[in-house]
Amino acid sequence: MEYRRELPGERVPLERLNDWEEFHMSLPEEKLKAQGGRCMNCGTPFCHSGILINGMVSGCPNHNLVPEWNDLVYRGLWREALERLLKTNNFPEFTGRVCPAPCEGACAAGLASEPVTTKIIERAIIDKAFEEGWIRPRPPLKRTGKRVAVVGSGSSGLACAAQLNRAGHWVTVFERSDRIGGLLMYGIPNMKLDKRIVLRRVELLAEEGVSFITCTEVGKDYPAEQLLKDFDAVVLCGGASQPRDLQVEGRNLKGIHFAVEYLKSTTKSLLDSNLSDGKYISAYGKDVLIIGGGDTGTDCVATALRQKCKSVNQFEIMPRLPDKRSEENPWPQFPRVFKEDYGQAEAACLFGKDPRHYCIKVKRLVGDGSGRVKEVETVNVEWIKDDCGRPLPRELPGTERVWPAQLVLLAMGFTGPERMFLDQLGVEHDTAPNARAMDNTFSTNIKGVFIAGDMRRGQSLVVWPINEGRGAAAECHRYLMETPAGG
């Protein structure tokens, strides 16, 4: 009631397009304290409810103790705020940067004015903790002697490994890439999540006793069934890494790539050689077309701009979201409203317009005669309901258009996990087709094998895999403590 919502600024778009450094800025401490004071410590705080309403999460899935650490920041008790934050979230330095903040969507202050700046305060707490040296390695005082393999080093795998190591088990994390972090490392660009921040956390976990094995794909370089012989338990955290493809004429042309393939090649080259090795998919001088309107599509826009593309357009088959909540999207549901993210803001500054186009469908990809993509043919659609009330896109005659495109990026999400090593282990899958957990738990149909993250529940926000990793770790720990050595 006394303070207005205030966000920190961001680096000027035309300036930050010349480098790959983070664009986030911070508020001074006094302003952060005032923002913490905006939290009213609600009697029923929906901000940490983490419940699903109409298929969307409302509040924090990690059940972060938001009102508590907001109030502690307001009172200047930063170390106490850190303790409360770390009780529920292993990696607030990640979520404070890349989470879409469902906590703020469920904030009661948003009913009367604007929600509390929870995400900014969360990031400020953990950043201050690292700056002050409060975050130090804390290896367990006692080991159980049990050995656990965690397959996949994304946010669910790292959270699971952290919790199991803290419980005293010997944990080995397998990662098929050359660096630890999964999508945190290679799926999110450096300007959104600095890789030094990811590496800092990985090094901390290593100092606490977690072992990491890179460049090793379970099921290919390391037989999946060998895990059951070498370890007392296995937790699968491989993610939903199977990208959704575009089934149209011309899909086999060169110059068409999945978004994560594009983002990974750029980040790897940036980390390996500051892009001097040229081992990345380049948008330089090209008309870039991105199919997909989510966060990954935004990251592709921002990456293409930094690679000095000629133009960039982003297609979304769905309609533009409303500027304010609709009647079908009431509080405390996650607000499905229009927003301008960092990539679109940068494109608007550089080219004078938002790169997004809505209700548009790709009909055909056209080649240049030498096997490379040259153009994309589209048609506009309108959304209607079939006899069962399901929404369907209907093409609008006369809206056909041809777009120049020498680089096409598919950012349409993921369909589920890759099956190879799951099949080797004999892990069942559901109709999604995610790996199937038994009776709404983290256990699979194979004794001693657990599953967490996007591999279990499908593509989701970064905060969900952390919650999943923690849940699987707790279940795995109970199993290990009830199982005799060698059992």
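The values are calculated or read from the model by the stated rules, or taken from the named source; none is laboratory data. Since the model is a prediction, treat every value here as computed from it, not as a measurement. Reconstructed Cβ throughout: ideal geometry from the backbone, glycine too, with neighbour counts over all protein chains shown. Quick note on the areas: whole protein, heavy atoms, side chains included, nothing else; ligands and nucleic acids left out. Shrake-Rupley method; radii C 1.70, N 1.55, O 1.52, S 1.80 Å.
Couple of notes before you dig in:
- When only alpha carbons are used to place a centre, the stretch 204-262 and the stretch 352-391 end up 30 Å from one another.
- Of all accessible heavy-atom area on the chain, the percent that carbon and sulfur account for (1.4 Å): 51
- Sorted on the mean count of surrounding Cβ atoms within 10 Å across their residues, most packed first, peptides 135-141, 376-382 read 376-382, 135-141.
- When volume of the Cα convex hull per residue in Å³ is computed from the coordinates, the matching label among (1) 139; (2) 168; (3) 147 is (2).
- Antiparallel beta bridges, as assigned by DSSP with both residues in the chain, represent about 40 percent of the total such bridges.
- Mean separation of Cα contacts under 8 Å, 6 or more apart, over the residue count of the chain: relative contact order %: 17
- Farthest toward positive dipole pole in the chain [+1 Lys/Arg, -1 Asp/Glu at C-beta], among Asn440, Leu199, Ser326: Leu199
- Selected from Tyr284, Gly255, Gly297, residue furthest toward positive end of dipole (the stretch 249-298; charges at beta carbon): Gly255
- Surface analysis of the chain yields an accessible area of 46 Å² per residue, using protein heavy atoms and a 1.4 Å probe.
- Given charges at Cβ of Lys, Arg, Asp, Glu: the chain dipole, positive-most of Val376, Ile360, His429: His429
- Ordering of 183-194, 346-357 by packing [mean C-beta count within 10 Å, highest first]: 183-194, 346-357
- Three-way shape call for the stretch 250-398 based on the alpha-carbon gyration tensor, with the a/c threshold at 1.5: oblate
- Rounded FRET efficiency, nearest 0.05, which uses the C-beta distance separating Glu29 from Glu2 and R0 of 25 Å: 0.90
- Computed E for Glu482/Asn252 - FRET, C-beta separation, R0 56 angstrom, nearest 0.05: 0.60
- Rounded to whole Hz, the Karplus (6.51, -1.76, 1.60) HN-Hα couplings of the stretch 400-417, x for glycine and proline: 5, 8, 10, 10, x, 7, 9, 9, 10, 10, 9, 10, 9, x, 10, 9, x, x
- Contour minus Cα-Cα distance for Asp430 and Trp134 (0.36 nm per residue): 102.2 nm
- Sparsely packed loop sites in the stretch 96-153 (the trypsin sites (Lys or Arg not before Pro) outside DSSP H, G, I, E and B with at most 13 other Cβ atoms within 10 Å) comprise Lys142, Arg143.
- Segment Asp221-Asn274, extension gain: residue separation times 0.36 nm, minus the distance between their alpha carbons: 16.2 nm
- Spatial offset of the stretch 126-182 relative to the stretch 411-487 amounts to 18 Å, using the alpha carbon center of each.
- Dipole in debye (nearest 20) - the stretch 182-275, about Cα centre, beta carbon charges: Lys, Arg +1; Asp, Glu -1: 480
- Residue-wise HN-Hα couplings along the stretch 221-226, as the Karplus relation 6.51 cos²θ - 1.76 cosθ + 1.60 with θ = phi - 60° gives them from phi, are 7, 9, x, 4, 5, 5 Hz; Gly and Pro carry x.
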